[in-house]
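Undergrad: I'd like to ask some things about the structure below.
The values are calculated or read from the model by the stated rules, or taken from the named source; none is laboratory data. What you see is a predicted model, and the numbers here were worked out from it, not measured in a lab. Here the Cβ positions follow ideal geometry from the backbone for every residue, glycine too, while neighbour counts run over all protein chains shown.
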């Protein structure tokens, strides 16, 4: 279970190594995809192949964002229940979701 607390009106997560592992693994795969895209561009590959690689990278990043949001929402709900105070947790969750929606709309 991810440890968390509210600091300065924000939910702060402290992930264990096991909780970080799937995020870091996904990011490593994305890093490989980006290197692959760099090679494709350097080799003057067909534009459609490059664009498809960009779409794959974008989708993978969205999945990482969803995992992070899921962890944040879970921690926020647990904190709100434990502290019997929902206002700060809900405000922070809304702030994170707004930022995620801005990112999704620009992607």
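Undergrad: If we scan segment 4-18, do we find a residue that is assigned to a helix (DSSP H, G or I) and surrounded by 11 or more Cβ atoms within 10 Å (Cβ to Cβ)?
TA: No, segment 4-18 contains no residue that is assigned to a helix (DSSP H, G or I) and surrounded by 11 or more Cβ atoms within 10 Å (Cβ to Cβ).
Undergrad: Report every pair of residues separated by at least 6 positions or lying on different chains whose Cβ atoms are under 8 Å apart, first residue within segment 48-73 and over 18 Å from residue 22 (Cβ atoms), second exposed (fewer than 14 other Cβ atoms within 10 Å of the Cβ) and at pLDDT below 95.
TA: 58/107
Yes or no, residue by residue, for (1) at positive phi; (2) at pLDDT 95 or above; (3) part of a helix (DSSP H, G or I):
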{"residue": "34", "(1), (2), (3)": "no, yes, yes"}
{"residue": "44", "(1), (2), (3)": "yes, yes, no"}
{"residue": "66", "(1), (2), (3)": "no, no, yes"}
{"residue": "82", "(1), (2), (3)": "no, no, yes"}
{"residue": "91", "(1), (2), (3)": "no, no, yes"}
{"residue": "101", "(1), (2), (3)": "no, no, yes"}
